[in-house]
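The values are calculated or read from the model by the stated rules, or taken from the named source; none is laboratory data. Remember, it's a predicted structure, so these values are computed and weren't measured experimentally. Using ideal geometry, Cβ is built from the backbone for each residue, glycine included, and neighbour counts are taken over all protein chains shown. Note: areas computed on protein heavy atoms with side chains; ligands, DNA, RNA excluded. Shrake-Rupley method; radii C 1.70, N 1.55, O 1.52, S 1.80 Å.
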Amino acid sequence: MKRLFLIGMMVLSAAAAFSQNAATVSNLKERQKALALASKLNKLQLDYEKKKAEHNALIEKVAALNAEADITATNFNTSDAAGTVKDVKSTVKKLKAAKAANKKLAKSQKTLNKMEKGIVKLQDQIGDLDKKVRFVDQ
């Protein structure tokens with residue numbers, strides 16, 4: 001009888017320990033997911049800061065090109081036809097360069113906006129996982 005009671009207690013304690021380990025393992029997996037997302041978020045934030053620095057440099061370049069294109073587009077001398085043609089050709093080149101730079105700037109801004117949305121999405125996911133982990137801990 002004592003042996004049967006002892007065996008029953010061992011089986012019961014093993015079952016209880018196993019169920020407790022399953023909860024612990026699932027909690028650790030949730031934490032691991034949260035840490036993986038946190039590292040992904042950090043990498044994305046670093047990339048965002050690099051792109052933002054490039055974007056700021058591009059803004060300065062575009063501003064200079066736009067100012068130069070505005071100045072050259074208004075200064076034409078109609079007294080010399082050959083000179084005017086050269087001025088128009090150079091102005092067209094500057095305007096095309098300004099247009100290309102503005103297009104590149106718009107693309108850069110769109111990339112930054114997408115990265116911001118990705119960062120917000122990751123932060124939400126991490127927040128949800130943290131809530132789950134805290135709820136399981138309590």
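Among the listed pairs LYS51/LYS132; LYS61/LYS110; LYS61/LYS114; LYS29/LYS131, those with a Cα-Cα distance over 25 Å are LYS51/LYS132.
Rolling a 1.4 Å probe across all protein chains gives THR84 an accessible area of roughly 30 Å². Helical runs (DSSP H, four residues minimum) scored at -39500 (n - 2.57) apiece and divided by the length of the chain put the mean residue ellipticity at 222 nm at -35500 deg cm²/dmol. To the nearest ten degrees, helix 81-137 and the longest principal axis of the Cα atoms of the chain are 10 degrees apart. Sorted largest first by accessible area at a 1.4 angstrom probe radius, with every protein chain in place, the residues GLU30, GLU49, GLU60, GLU116 fall in the order GLU60, GLU49, GLU116, GLU30. Ligands, DNA and RNA excluded, the heavy atoms of LYS33 present near 110 Å² of accessible surface to a 1.4 Å solvent probe. Our summary gives the chain a relative contact order of 42 percent, counting only alpha carbon pairs under 8 angstrom and 6 or more residues apart.
A probe of 1.4 angstrom, applied to the heavy atoms of all protein chains, finds SER79 with accessible area near 100 square angstrom. Placing a pseudo-label 7 Å from each Cα along the Cα-to-Cβ vector at VAL92 and LYS43 gives an inter-label distance of 4.8 nm.
On a per residue basis, the convex hull of the C-alpha atoms belonging to the chain measures out at 93 Å³. Accessible-area rank, largest first, for LEU95, LEU4, LEU65, LEU41: LEU4, LEU95, LEU65, LEU41, with all protein chains present and a 1.4 angstrom probe. Counting only residues at least eight positions apart within a chain, or on another chain, the aspartates and glutamates with an alpha carbon under 13 Å from that of LYS94 are GLU68, ASP70.
For the chain, the longest principal axis of the Cα atoms and the long axis of helix 2-74 meet at an angle of about 10 degrees.
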